[in-house]
1. Go through region 1-104 and tell me which strands (runs of 3 or more DSSP E), entirely inside it, have 3 or more residues that are at pLDDT 85 or above.
2. Is it true that K129 is over 30 Å from E498 (Cβ atoms), basic (K, R), touching a Ser or Thr at 6+ places or on another chain (Cβ under 9 Å) and open to solvent by 20 Å² or more (accessible area, probe 1.4 Å)?
3. Could you go through region 343-354 and let me know if any residue there is open to solvent by 60 Å² or more (accessible area, probe 1.4 Å), of a type in the set (S, T, N, Q) and out of contact with any Ser or Thr (no Cβ under 9 Å at 6 or more places or on another chain).
4. Go through region 472-493 and give me each residue that's open to solvent by 30 Å² or more (accessible area, probe 1.4 Å) and either at pLDDT 95 or above or in contact with a helix residue (DSSP H, G or I) (Cβ under 7 Å, 6 or more places away or on another chain) (or both).
5. Residues of region 377-419 being of a type in the set (V, I, T) and open to solvent by 30 Å² or more (accessible area, probe 1.4 Å), which ones?
6. Just one of V452, V458, V447 is open to solvent by less than 70 Å² (accessible area, probe 1.4 Å), farther than 28 Å from L63 by Cα and in contact with a Lys or Arg (Cβ under 6 Å, 6 or more places away or on another chain); which is it?
7. If I ask for residues that are within 21 Å of K129 (Cα to Cα) and of a type in the set (S, T, N, Q), which ones from region 330-365 would you list?
8. Considering (1) in contact (Cβ under 8 Å) with a residue 12 or more places away in the chain; (2) in a loop (DSSP other than H, G, I, E, B); (3) not hydroxyl-bearing (S, T, Y), say which one D163 fails and leave the rest.
Amino acid sequence: MNTKLPFLAFFTFLIFNLFNANAQSLSATVIDSVSQQPIPFATIQLKDKGVITNEEGKFNFLLNETITGSDSLTISSIGYKAVSKPISEFTNTKIVLAPKSIELREVIVSNKNYTADEIMDFVEDNLEKNYTNNLTKKRLFHRSSYFDRWTKSNFKVKKSSIDVLNQQFIDSIISTIPKNDAYYQELVGDLYGNYDEESQKLDLLKASKLYDKNTTLNQEKMEEKFNSILKENVKPGSYFKIKSGLLSFKIDADEVNELFKEDIDSTDVAALNAELEKKKKDKEERQKNFASWKRNNLGSILNGLPTQDGSDLNFILKSRKYNYTLNEFTYLGDDAVYVISFKPDGSADFEGTLYINADDFAVIQIDYSNVKPVSKLSLLGISTNKYLSKGKIIYNKSANGHYSLHYYESEIGERFGIKRPLKIFEKNRIVKGRNKQNELSGDMDFVFINVVKNEIIVFESENISQATFDGFTENNTILPIYMPKYDPTFWEGYAIMEPNTAIKEFTATSAE
């Protein structure tokens, strides 16, 4: 009698259940068998749930009580042989995929020899059939990453009648501005609606924000220092007139006085109660505004997908603006896929690659990047330049045959510049005989770069009725929890996309 096999099966079962009971997740890195390099954006599928590896090939799959060791986990990526086996057999932190690619001419035996343009015509003809705009409830994870960088921050003082506001002081103020800054925000929630920007409702479940509060404190101290100088040198009844070339505006006395408003007397009970009530209402307003902001953000992203009418990503619906080339024929798992590259034909903005299912002509993956600034403006010394717009979009096919968004990533970079003269006059209505009190004038030369990266992964999507959508009422009481450094336990019990190394290693300079 062979006792090894039952013992091995029992041992595997025991290890899996111990692992499941303690970790509640499966973490690994997917790598290429030839190059040994990580495979980003591979799909990890278990039953009806799926995740995506991050740009470092890492994933974390949330397990629950319905998962058993015999359930099959499938890992697939375009151009690779899919791996599918019971979850209990994944005992290594690295999962290897072997390349699977064949020559185009060898496979177009049972298919017509379509050109790239003909394939794109089929894509457009089948859009309505392949992509539904039905109402759904989508459980999703959304990560926003903001990166700010000052490349130039100069102000040359030409004249100042307030001695303290000299070049040295202005330089010290500018030096406190962080030259590089990062801010990360994550949320899990249920999004109700379709792909129309105005037809969205959001049920926030949990949210976090990760940034360095110390940089904010520095700016607050800078403002305090500047305000103290104004308080000591500005007379009651003054207002400021600010002029920059042809542009000018004024800050009235009430706004100046607001800077110097005294704190509430702690012995005044009525005032304290009023302040507490105000803070409560402020928090409720912030909760409402945060939910509204994220709902609008998500709605704008979904409405801007290249399969939607009017999208700025027009390389599918405005095919006349692009040249298409059929590059190869490959596989995503067992599905045959056409790989078509596109480039502008004239004034279009983007180039990239489309991966198209050979059976139903659905676009299942898109990689794109801009070839020129998407927009730019320069007027009176003020300039803007959206120099970067790139991304990746992956669609999943549901049991009903329709495709819907599974993963979305975009990176938008904008450069802002201002090179203008600046004059600040203090004027006073009360002082007789001399309306103009003080003046600070100089030349500004600032250049600021902002990059915003959005990542969305849809874990579950179910069709809902119009009655269900109408009957759902938003009641969001969630505000993002501040974290001075990445906390791997924060998202325990929630499915998310594995963070990259930069996020994991982020630590505020003054953790709180």
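1. In region 1-104, 25-32, 43-46, 58-62, 72-76, 83-86, 94-97 are the strands (runs of 3 or more DSSP E) which contain 3 or more residues that are at pLDDT 85 or above.
2. Here the answer is no, as K129 does not meet what is asked.
3. Yes, that holds for at least one residue.
4. E474, T477, I478, L479, Y486
5. Matches in region 377-419: I382, T384, I412, I418.
6. V447
7. N357, Q365
8. Every condition holds for D163 apart from (1).
The values are calculated or read from the model by the stated rules, or taken from the named source; none is laboratory data. Just so it is clear, the structure is predicted and the values come from calculations on it, not from any experiment. Don't worry about glycine lacking a Cβ; one is built from the backbone with ideal geometry, like all the others, and counts go over all protein chains shown. All accessible areas refer to the heavy atoms of the entire protein, side chains included, with ligands and DNA or RNA removed. Shrake-Rupley method; radii C 1.70, N 1.55, O 1.52, S 1.80 Å.
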